[in-house]
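The values are calculated or read from the model by the stated rules, or taken from the named source; none is laboratory data. All values derive from a computational prediction rather than experimental measurement. Here the Cβ positions follow ideal geometry from the backbone for every residue, glycine too, while neighbour counts run over all protein chains shown.
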Amino acid sequence: MSRKIKLLLLLLVVAFLIYGCPKDDPESPDIVGPSFTTSSTTPLEGDLEDYSSNLDGIVTLSSEMDTLFDELEDYLLSGTATPEGFQSRVDEIVELNDDMVPYVENLIATELLIEQAFASDMSTLGLFSSVAKGIYNGLKSTVVSTGRMVRSGYRVLSGQQSLGEVLRDPESGIPIVSSFAERLANHNRQRDESIEGAIQRGDTYEGYCDWTRVPGSTPEERIANYRNMSDDDPIKKSLRGNVHLWDTDEATRTVGTLKDAAKDGIKVVAGGAGAGDIQIAVMEQMIEDEMTPPEEHPKGTVEVTAKEQDTNIPVPDQTTIIVQRGRPEDRQKVVIVVNPEVEQEYDLPPSTYDFVTISETYIRWVEEGKTILEDTYNQFTSWMHKISDYAIITGDFRIDPVNPHPNERTTVHIDAISFYGDSLTFNWDI
């Protein structure tokens, strides 16, 4: 049998005599078995190494993106920013997000190979293969959608397009009704206030706020005419698109908005930040109400502990993926926590979540549909099975009939999984 990860061994038929055959009868069969034969190598080891390297790539790119956003904010506050410089730096951020897509694709492909090793009906082992597959497939859609959202947000904030023009584009990545669309609308309102203030003061900020293009002979007339302009008016888009170049408060808000867009779908939180910092980062990712600070938002708490099934010792170098349920595939809220605390607490908005715990050389664990209620404390343990110790797991062992009569044909049925991904050979000696 060629490589198959999940093997269902159907109706292994063994005819034998159990009763009425004396031991000293030379024709009485000796029943020995079954015995299992597997390869001594582990094909999954290579898959696990690929998974680990792809995850490392996602973490590295996420860290590099944070650095680019810090540099973008420093640039906008330096007093030397230009539209061209702003665009080149945002382009670099968008390209970095695009670079993340192949890592996510490879991560998904590798995980789906490994997923095939897990029987969906072995729920007692925390497998739930279909749940994990849905999570992994959603990761790619989320990353692609996030890249579109950053690019579309930049188009609005740089004055290339109005918010309405972007929202009418089905490929923008921004839902018409969404917190991000409302955030961009707030930017426009704040920028309009800054522009009207500049008109009132008579300051063009070295030409970056050239309000002289707005019709009117007095500041009041120009402000009134500016307010009456359509959002799609080229002059209005241009004036709005430069405010972050001369208004430091708007520069900081602009970077924050683009950064939040980049992290909207998937946020990577590296261990070592401290348990409290991890809690804040996870909560910030999952909440929708950006006006309410995470510490004031309704929440419940869940403590996740990863332990080895047979030894009860903590699992090293683990990664926890938290996904909020009830969202479209390309709008998933996902947090990837790398190397959390042994007993890590997470504050989460009231909702239902799936948790996937992964560690190299272990069978990953899925906690499916964990409902977190406000002001509740929840705990669960991810019982991790070492792949090397669970090369074969058998279940649903049936003998029919259970108590056979002499000379009666008996059927033995066994379901078995090979986590090594090799073919299985059953040797029956009768």
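For residues that are within 21 Å of ILE358 (Cα to Cα), more than 14 Å from the chain's Cα centre (by Cα) and touching a residue at least 24 places away in the same chain (Cβ under 8 Å), scanning just region 58-68, find the one that is surrounded by the most Cβ atoms within 10 Å (Cβ to Cβ). Across region 58-68, the extreme among qualifying residues is LEU61.
Scanning region 163-173 for residues that are buried (at least 21 other Cβ atoms within 10 Å of the Cβ), in a loop (DSSP other than H, G, I, E, B) and modelled with pLDDT of 85 or more gives a single hit, SER172. When VAL156, VAL143 are checked against the criterion of being in contact (Cβ under 8 Å) with a residue 40 or more places away in the chain, surrounded by 21 or more Cβ atoms within 10 Å (Cβ to Cβ) and among the β-branched types (Val, Ile, Thr), a single residue qualifies: VAL143. Scanning region 142-162 for residues that are part of a helix (DSSP H, G or I) and under 19 Å from VAL243 (Cα atoms) gives VAL150, ARG151, SER152, GLY153, TYR154, ARG155, VAL156, LEU157.
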